[in-house]
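As structure tokens, the structure follows; a few thoughts come after it.
The values are calculated or read from the model by the stated rules, or taken from the named source; none is laboratory data. Quantities reported herein were computed from a predicted structural model and do not represent experimental measurements. Virtual Cβ from ideal backbone geometry, glycine too; neighbours counted across all protein chains shown. Note: areas computed on protein heavy atoms with side chains; ligands, DNA, RNA excluded. Shrake-Rupley method; radii C 1.70, N 1.55, O 1.52, S 1.80 Å.
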Amino acid sequence: MAADASAQITELTVDDHACLTFGEAEELFDLTAAFVRDGLAGGLKVMWLSDAGPRPAVTELSGRGIAVEPAMATGQMTAAGCDGRLLSGQVFSADAAIGWLTRQLASSRKLGFPGLRIAVDMSWALRPVTGIEQLPEFEEGIAAALAGTTASVLCQYDRDRFDPITLASVAAFHTRSVTAATYHADAVLRICRQYAPPGIRIAGEIDYQAEEPLTLALAEAVRLDGDITVNMAALHFIDAFCARMIADTARMLAESRTVILQCLPEVAAGFARLGIEGLPGIGLVTAREQ
């Protein structure tokens with residue numbers, strides 16, 4: 001079963017077996033937060049298996065506006081490590097892992113959930129694990145287990161840490177490929193869509209030469225429903241031209257929605273000089289250094 005289409009994280013549906021490739025932790029957490037958020041909103045059972053364990057997952061999701069702890073208290077949400085689920089110590093068995101998945105499918109149905117979403121951080125596969133050669137068999141088994149169900153699985157691979165051969169070997173077993181919508185990316189600047197909370201993310205350094213991708217990103221943000229966030233927590237320089245573009249967009253949207261500008265202190269100072277600090281509907285939030 002080959003991946004037949006690229007998809008936005010918000011477009012995933014039942015029985016999708018999606019492959020998310022990411023290049024930085026912020027991208028992973030943002031896309032996963034949207035996957036979790038939409039699952040919880042749909043009344044589904046949601047699980048995130050993270051190689052870092054449950055606490056970092058809960059912290060990151062909560063920081064993106066996801067009501068994780070109440071959902072965990074009711075049993076709708078589970079955040080856990082991969083050990084004891086996909087792995088037994090340092091041993092991996094594709095059959096055992098698929099058996100665990102099958103039990104989760106049966107359990108969610110028994111508990112009355114209309115569907116199940118599972119996000120799986122595949123970083124565990126980078127450890128010295130016995131049986132890791134069964135990884136393609138595991139991915140193929142996921143696709144078979146999901147057929148005809150109301151469940152979806154999001155497999156998360158760090159494209160900078162997994163070698164191209166491994167990524168190619170598992171790609172054929174996914175129905176969808178997922179990455180962040182990116183408007184510009186080079187060694188100096190990255191502009192991409194942010195999914196949770198909705199908006200855009202700008203990192204690096206930006207000046208007037210990025211007018212075209214910034215215009216496109218802001219235009220798409222305007223078309224989103226509800227409040228938006230312009231996440232500039234990893235932006236270290238912005239010139240006056242681009243700052244005015246963002247400020248003007250914020251002023252326009254603030255007539256009907258709330259706009260959050262999240263940025264480092266030196267960038268926030270620039271926006272304050274443009275007179276938007278304290279305006280109704282606009283929140284200028286100072287972010288910590290990443």
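Figures for the structure shown
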quantity	calculated
Residue within segment 34-51 that is under 12 Å from the mean Cα position of the chain (by Cα) and open to solvent by 40 Å² or more (accessible area, probe 1.4 Å) present	yes
Close pairs (9 angstrom Cβ cut-off, 6 or more residues apart or separate chains): over 19 Å from residue 40 (Cα atoms) in segment 149-166, of a type in the set (Asp, Glu) and open to solvent by 30 Å² or more (accessible area, probe 1.4 Å) anywhere	158/24; 160/24
Wholly within segment 126-226, strands (runs of 3 or more DSSP E) carrying at least 2 residues that are within 28 Å of residue 93 (Cα to Cα)	151-158, 176-178
Check on residue 147, over 23 Å from the mean Cα position of the chain (by Cα) and either open to solvent by 40 Å² or more (accessible area, probe 1.4 Å) or aliphatic (A, V, I, L, M) (or both)	yes
Breaking point among (1) open to solvent by 50 Å² or more (accessible area, probe 1.4 Å); (2) touching a strand residue (DSSP E or B) at 6+ places or on another chain (Cβ under 9 Å); (3) more than 21 Å from residue 115 (Cα to Cα), for residue 183	(1)
Residue list for segment 56-106, restricted to those being open to solvent by 60 Å² or more (accessible area, probe 1.4 Å), out of contact with any Leu (no Cβ under 9 Å at 6 or more places or on another chain) and not in a helix (DSSP H, G or I)	65, 83, 84, 88, 90, 91
Filter result for residue 39 (at pLDDT 90 or above, in a loop (DSSP other than H, G, I, E, B) and over 30 Å from residue 128 (Cβ atoms))	no
